[in-house]
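Peer 1: Take this structure first; my questions come after.
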């Protein structure tokens, strides 16, 4: 029996020794897996965006684009996020919605901009979506809901229009897991604080939208698909209870008014 | 690491003992990805020969035991791969190292199985390291 136990232990030890030795090699780098993943993300992002281009009305006002870009740029610079990797798109639609696509595509609906009381509230939502991008939640959600095999098929051009549309619908109108949403909310607060913007308007925005949900029935996708907005507003407010900081608005009131005016003209 | 002894079984015994090893290679021949197929094939052969001679039973047991341990390591890799394909799990150095480890282990097991099948067909008794010792405890004349 002793011989058997000894031989068994030797086999187990050899197996684990082999596994641990092989673990020392950086296979991910060796097989360029990260590069492959990035390529898949790029192809998926472009594929989804092209589908969107054919179905939605895109903003054509350069002033609106410039102001939104300046907000995103300010947040990115303050948080050491590569601004060049973020592609901001403004969709002309009444729906209060914003979401991220793979490869850094950030889509903001004009309905969301119009419904935001001020630039800090809008910045909060932008920060929330940037957090989803930076924390790789977008790909995680896609893999979980669609599967890596289907995603790879899509990038090979054999996914079928129906699957692409359904996947795009998943991304634009469903929330992430509760834990991922909370992580993105808190990361958004960090981003806002780093950008010296007050995070409380973001919490207030969530609270206000939840009360207006009935009034704006069908147009508040960003709220109705996400976890309870009151609960979110509460933990955001709790999280940012830091010693008072010299907050400053992310853009001037004048620029904010200009944004709203240009948007209404469309 | 094997021990080989010549014990002169009958032609029929040597063929059955050799087949017990060949059964464990059936999934590789059929190209099936499920690790349990090997085990099921070996198990069916083991049950069919449980009343056979000591030489046949002994080799059926050794083949079954080796497949049983292979089932654990291969199943782990199988479900790990499934979780990468269908959940948020990602490909890591740990996963690739595990795949290479079981690939090496499977190749060693494959060569050892073929070698055992050839030797038992010639009437030789082949006892593997650990599995042979375990089979001696389980299988009594």
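The values are calculated or read from the model by the stated rules, or taken from the named source; none is laboratory data. For clarity, every value in this text was computed on a predicted model and none was experimentally measured. Heads up, the Cβs are rebuilt from the backbone with ideal geometry, glycines too, and the neighbour counts pull from every protein chain shown.
Peer 1: Can you find a residue that is closer than 30 Å to residue A:41 by Cα, more than 14 Å from chain A (Cβ to nearest Cβ), surrounded by fewer than 19 Cβ atoms within 10 Å (Cβ to Cβ) and out of contact with any strand residue (DSSP E or B) (no Cβ under 8 Å at 6 or more places or on another chain) anywhere in segment B:79-88?
Peer 2: yes
Peer 1: Which one of these does residue A:60 not meet: (1) modelled with pLDDT under 90; (2) away from chain B (no Cβ under 14 Å); (3) assigned to a helix (DSSP H, G or I)?
Peer 2: (3)
Peer 1: For residue B:84, work out the one condition from (1) assigned to a loop (DSSP other than H, G, I, E, B); (2) within 30 Å of residue A:141 (Cβ to Cβ) it doesn't fulfil.
Peer 2: Evaluating residue B:84 over (1) assigned to a loop (DSSP other than H, G, I, E, B); (2) within 30 Å of residue A:141 (Cβ to Cβ) leaves (1) as the failure.
Peer 1: Among the residues in segment A:69-82, are any surrounded by fewer than 18 Cβ atoms within 10 Å (Cβ to Cβ) and under 20 Å from residue A:264 (Cβ atoms)?
Peer 2: Yes, segment A:69-82 contains at least one residue that is surrounded by fewer than 18 Cβ atoms within 10 Å (Cβ to Cβ) and under 20 Å from residue A:264 (Cβ atoms).
Peer 1: Suppose the filter is assigned to a loop (DSSP other than H, G, I, E, B) and modelled with pLDDT of 80 or more; does residue A:187 pass it?
Peer 2: no
Peer 1: With respect to the numbered conditions (1) within 28 Å of residue B:57 (Cβ to Cβ); (2) surrounded by fewer than 15 Cβ atoms within 10 Å (Cβ to Cβ); (3) more than 10 Å from chain A (Cβ to nearest Cβ), which one is the sole condition not fulfilled by residue B:106?
Peer 2: (2)
Peer 1: Ok, one more. With respect to residue A:140, is the statement that it is under 28 Å from residue A:240 (Cα atoms), touching a residue at least 12 places away in the same chain (Cβ under 8 Å), surrounded by fewer than 23 Cβ atoms within 10 Å (Cβ to Cβ) and within 14 Å of chain B (Cβ to nearest Cβ) true?
Peer 2: yes
Peer 1: Go through segment B:27-73 and give me each residue that's at pLDDT below 85 and closer than 13 Å to residue B:140 by Cα.
Peer 2: B:50, B:51, B:52
Peer 1: Return the residue satisfying two criteria in turn: it lies in segment A:52-68 and is surrounded by 16 or more Cβ atoms within 10 Å (Cβ to Cβ) and in contact (Cβ under 8 Å) with a residue 60 or more places away in the chain, and of such residues it is farthest from the chain's Cα centre (by Cα).
Peer 2: Filtering segment A:52-68 for residues that are surrounded by 16 or more Cβ atoms within 10 Å (Cβ to Cβ) and in contact (Cβ under 8 Å) with a residue 60 or more places away in the chain, the one farthest from the chain's Cα centre (by Cα) comes out as A:61.
Peer 1: Oh, and also: Give the residue that is nearest to the other protein chains (Cβ to nearest Cβ), with candidates limited to residues of segment B:116-129 that are in a helix (DSSP H, G or I) and surrounded by 15 or more Cβ atoms within 10 Å (Cβ to Cβ).
Peer 2: Per the stated criteria, the residue is B:116.
Peer 1: Test residue A:10 against the criterion of being at pLDDT below 85, assigned to a helix (DSSP H, G or I) and either touching a strand residue (DSSP E or B) at 6+ places or on another chain (Cβ under 8 Å) or at the interface with chain B (Cβ under 10 Å from one of its Cβ atoms) (or both), and give yes or no.
Peer 2: So residue A:10 fails the test.
Peer 1: Could you go through segment A:82-98 and let me know if any residue there is part of a helix (DSSP H, G or I), more than 19 Å from the chain's Cα centre (by Cα) and free of Cβ contacts under 8 Å to residues at least 40 places away in the same chain.
Peer 2: No, the conditions are met nowhere in segment A:82-98.
Peer 1: Right, something else. For the subset of segment A:19-45 comprising residues that are at the interface with chain B (Cβ under 7 Å from one of its Cβ atoms) and in a helix (DSSP H, G or I), which member is nearest to residue B:85 (Cα to Cα)?
Peer 2: My answer is A:33.
Peer 1: Additional query: Condition test on residue B:111, is it out of contact with any helix residue (DSSP H, G or I) (no Cβ under 9 Å at 6 or more places or on another chain) and part of a helix (DSSP H, G or I)?
Peer 2: Judged against the criteria, residue B:111 is a match.
Peer 1: Output the helices (runs of 4 or more DSSP H) that fall wholly within segment A:123-181 and possess 3 or more residues being modelled with pLDDT under 75 and more than 14 Å from residue A:44 (Cβ to Cβ), or say none.
Peer 2: Of the helices (runs of 4 or more DSSP H) lying wholly inside segment A:123-181, those with at least 3 residues that are modelled with pLDDT under 75 and more than 14 Å from residue A:44 (Cβ to Cβ) span A:161-173.
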